[in-house]
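Only the coordinates and a few stated rules stand behind these numbers; no lab work does. The shown structure was predicted, so the numbers you read here are calculated from the model rather than taken from an experiment. As a convention, Cβ positions derive from the backbone with ideal geometry for all residues, glycine included, and neighbour counts pool all protein chains shown.
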Amino acid sequence: MIVLSDNDVILKLAQCDLLQFLPEILQENQNDIFVSPTARYQLLPRNPEKAIKKCGNQGIYENIGKFLDTVRDIDAIQDEGLFNLLGEIPYIDVGEQQLLAACVENPAALFMTGDKRCLQAVMDNQTIIATVHTRLINSVVTYESALLLSVRLLGFDRIYQQLQSNPSPDSMLKLAMHSSQSEDVCGCFFSYTNHLYDYLAFKDRLPSRAV
């Protein structure tokens, strides 16, 4: 199995100091993680000061660079028709077009993304891109579900400490960190990805949808 990861989730996990654990979290080999060909350019601009500012600090900048040195770029998309069709759907950018089309062309792959708008766009347009919608069932790792999987692997106390050092928490993480209780924090993570539950991979390692 391979993992197709977008730029947003790479940055967010790096800011939580979780990139180094990603193969264990996903139970995959590092060499089986594929990213957009634009990942290095977008995540690490040539100007070091600009890149470090984007990442949050020097350590995150270096960790992203190490990660990108070990993963591979996705292959060229064969189905240009599907790629172009995805481009007509609002809230799906060109990088996500590539990753989603590649996911369809690799039936055993996981799709990892930090952009839930993209996933919601697929769900909202499933009659138009039915192949993509069907393919994503049980095959997606969101930023929030990755955090939940991390807690299961490394323990809540360790993850909570790492989250506290995040230099650029998003609104979801800021809300979750209002509490120091595992049930509250993990409940917040799950509430932000629950509406995409049908797409989520590793359901046996995640809370029940009824929670």
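For the reader, a short list of remarks on this structure follows.
- Counted by Cβ distance under 14 Å from residue 81, the other residues give a net charge of -4, where Lys and Arg count +1 and Asp and Glu count -1.
- Alpha-carbon centroid distance for the pair region 34-62 / region 184-199, whole angstrom: 28 Å
- Note on the chain: Lys pairs 8 or more places apart or on different chains, Cα atoms under 22 Å apart, count 15.
- Percent of Cα-Cα distances greater than 25 Å, calculated over region 1-107: 24 percent
- On the beta carbon distance between residue 78 and residue 20, with R0 = 41 Å, the FRET formula returns roughly 0.80.
- Inter-probe distance in nm under a simple model that places probes 7 Å from Cα toward Cβ, at residue 156 and residue 46: 4.8 nm
- Residue order for 190, 156, fewest other beta carbons within 10 angstrom first, comes to 156, 190.
- Both radii come from the Cα set of the chain: Rg as radius of gyration, Rh as Kirkwood radius; their ratio Rg/Rh reads 0.95.
- Added length on full extension, which subtracts the Cα-Cα distance from 0.36 nm per residue, residue 164 to residue 205: 12.4 nm
- Simple point charges give the picture: +1 on the Cβ of Lys and Arg, -1 on the Cβ of Asp and Glu, and for the chain a dipole about the Cα centre of about 480 debye.
- Summed side-chain charge close to residue 90 - residues other than residue 90 whose Cβ falls under 12 Å, Lys, Arg +1, Asp, Glu -1: -3
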